[in-house]
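A short write-up of the structure that comes next.
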Amino acid sequence: MNNKPIVVGTDGTEPSAIAVDWAAHEAHRRHLPLRIVHAFDFEWQGARYNVGTEVVDLARKVAEAVVAAAWDRARDIAPDITIETETLIGHAAPRLLEAAHSAELLVLGSRGRGGFAGLLLGSVSQRVATHAPCPVVVVRGHATTTEGPIAAGVDDSPTADLVLETAFTAASEHDCPLTIVRAYLPVIPLWLSDVAPPTVDTPEQDAAESERLDEQLAPWRAKYPDVPVKTVVTHESAAFALERESRRSRLVIVGNRGHGLLAGAFLGSTTLQLLHHAGAPVYVTRPRSA
């Protein structure tokens, strides 16, 4: 029986409080323990100043107050699960990445302390989502909704089966419909080369791509007959189509990698754009062996 916790990072800000709420709901739904982690960077003060233990103790008390407030929120939402808290000294990103090694799922807010007001995704969330050894959810948009389908972006890359497994399992557990989005660029005549691909009418190619998608989904539909599935085949970019779907979905699920990546990149452009702009929490799948 799996007893790995869902780990959620908090720093006392409103985005992280919403992430705690989402993580508590998810832990309750999965019958898993919840671990609330707060990392506070005190090392720079010790390096610059000769301070006594009183200042360190004060910083730790503030950190403990942050996790205590998060514990109260989580306990109100999920009174029947095990909830642990931990305060860690150090930079938030590396400490959260360390915590992720023992996590079933890592949950983050979209922004935290120290970020510029205009940024849509904090640097800590982006770094952790990029490098975490476990699946990551970045909570953004209408995070508290329990209405609407789950959306997932699927291509023919090696990550597609993992995305489909995650998406069908989540839709079955949430008892909600599933929207599968497939974006592709059709082959168009040279005389239409100046026309934007999304506006070109290619019914035969669309039908062939839909058939390929149906074949890809067939084993998952058979395994999860209770999940209503809607497919969307589009000439638009995957990021644009999924962002639109996210506005009416409770969760959007994507792979951590896709087509056309530079060597050494850990997140595809579609996933990165959704982490910045999606209207719902973004679930980034990742193989356990990563």
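The values are calculated or read from the model by the stated rules, or taken from the named source; none is laboratory data. The model shown is predicted, which means the values in this text are computed figures rather than measured ones. Methodologically, a virtual Cβ is constructed for each residue, glycine included, from the backbone with ideal geometry; neighbour enumeration extends over all protein chains shown.
Consider residue 236 against the criteria (1) modelled with pLDDT of 90 or more; (2) more than 26 Å from residue 134 (Cα to Cα): it satisfies all of them except one. Which criterion is unmet?
(1)
Can you pull out every residue in region 72-100 that is β-branched (Val, Ile, Thr) and at pLDDT below 95?
Listed by number, the residues that qualify are 87, 89.
Which count do you get for residues in region 197-223 that are surrounded by 15 or more Cβ atoms within 10 Å (Cβ to Cβ) and over 17 Å from residue 154 (Cα atoms)?
Qualifying residue count for the region: 4.
Which numbered condition trips up residue 20, out of (1) at pLDDT below 90; (2) among the hydrophobic types (A, V, I, L, M, F, W, C); (3) within 22 Å of residue 84 (Cα to Cα)?
Evaluating residue 20 over (1) at pLDDT below 90; (2) among the hydrophobic types (A, V, I, L, M, F, W, C); (3) within 22 Å of residue 84 (Cα to Cα) leaves (1) as the failure.
Give the number of residues within region 229-245 that are without any contact (Cβ under 8 Å) to a residue 60 or more places away in the chain and within 16 Å of residue 170 (Cα to Cα).
1
Which of the following residues is closer than 22 Å to residue 247 by Cβ, modelled with pLDDT of 90 or more and outside the structural domain of residue 274 (by TED's automatic domain parsing): 129, 103, 170?
129
Criterion first (at pLDDT 80 or above, under 30 Å from residue 17 (Cα atoms) and in the same structural domain as residue 245 (by TED's automatic domain parsing)) does residue 222 satisfy it?
So residue 222 fails the test.
Name every residue in region 2-30 that is closer than 17 Å to residue 169 by Cβ and outside any helix (DSSP H, G or I), in order of residue number. Working first, answer last.
First, pick out the residues of region 2-30 that are closer than 17 Å to residue 169 by Cβ: 2, 4, 6, 25-30.
Once the filter is applied, which keeps residues that are closer than 17 Å to residue 169 by Cβ and outside any helix (DSSP H, G or I), region 2-30 yields 2, 4, 6.
If a residue has to be more than 25 Å from residue 131 (Cβ to Cβ) and either part of a strand (DSSP E or B) or in contact with a strand residue (DSSP E or B) (Cβ under 9 Å, 6 or more places away or on another chain) (or both) to count, how many in region 74-99 make the cut?
Keep residues of region 74-99 that are more than 25 Å from residue 131 (Cβ to Cβ), which gives 74-83.
Retained after the next criterion (residues that are either part of a strand (DSSP E or B) or in contact with a strand residue (DSSP E or B) (Cβ under 9 Å, 6 or more places away or on another chain) (or both)): 74-75, 78, 81-83.
So the answer is 6.
Consider residue 205 carefully, then state whether it is at pLDDT 95 or above, over 21 Å from the mean Cα position of the chain (by Cα) and not charged (D, E, K, R).
Criteria not met by residue 205.
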